[in-house]
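All remarks here apply to the structure that follows.
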């Protein structure tokens, strides 16, 4: 397998690769630190919003049992950024402390050119939303907005 560069030496974008592209899943993010993997929610663009909201709510409610501050992280790549932000804003409306971190992640695609396989690296936008669960605060838990509200 050969690799194609992200950028050529002149700083311009590399040319598009022709062939059948097989996208690999993004590697796990090491910047989660000591966060428990159960407290990290990977947001997918194809996942239904209400299902994600219920899953995130169950993670947050599970963490309300202790007296410590906990952090829940939602991670969205590329097309899933908008859904991740919508999820975070819903929790912000409930009164939680929400922080946003943006970045870029390198992902690898396998390309079948017919005469052999090559790999192609590309950059994808990433957002990490950090929600602080503090037992001292009282939060209003709302799954759906009231009628007539957006």
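Of the residues making up the stretch 121-147, those that are modelled with pLDDT under 80 and farther than 25 Å from residue 72 by Cα are 146, 147. Return a yes/no flag: does the stretch 46-58 have any residue that is within 18 Å of residue 129 (Cα to Cα), under 20 Å from the mean Cα position of the chain (by Cα) and modelled with pLDDT under 80. Checked against the condition, which is being within 18 Å of residue 129 (Cα to Cα), under 20 Å from the mean Cα position of the chain (by Cα) and modelled with pLDDT under 80, the stretch 46-58 yields no hits at all.
The values are calculated or read from the model by the stated rules, or taken from the named source; none is laboratory data. Just so it is clear, the model here is predicted, and its values are computed rather than measured.
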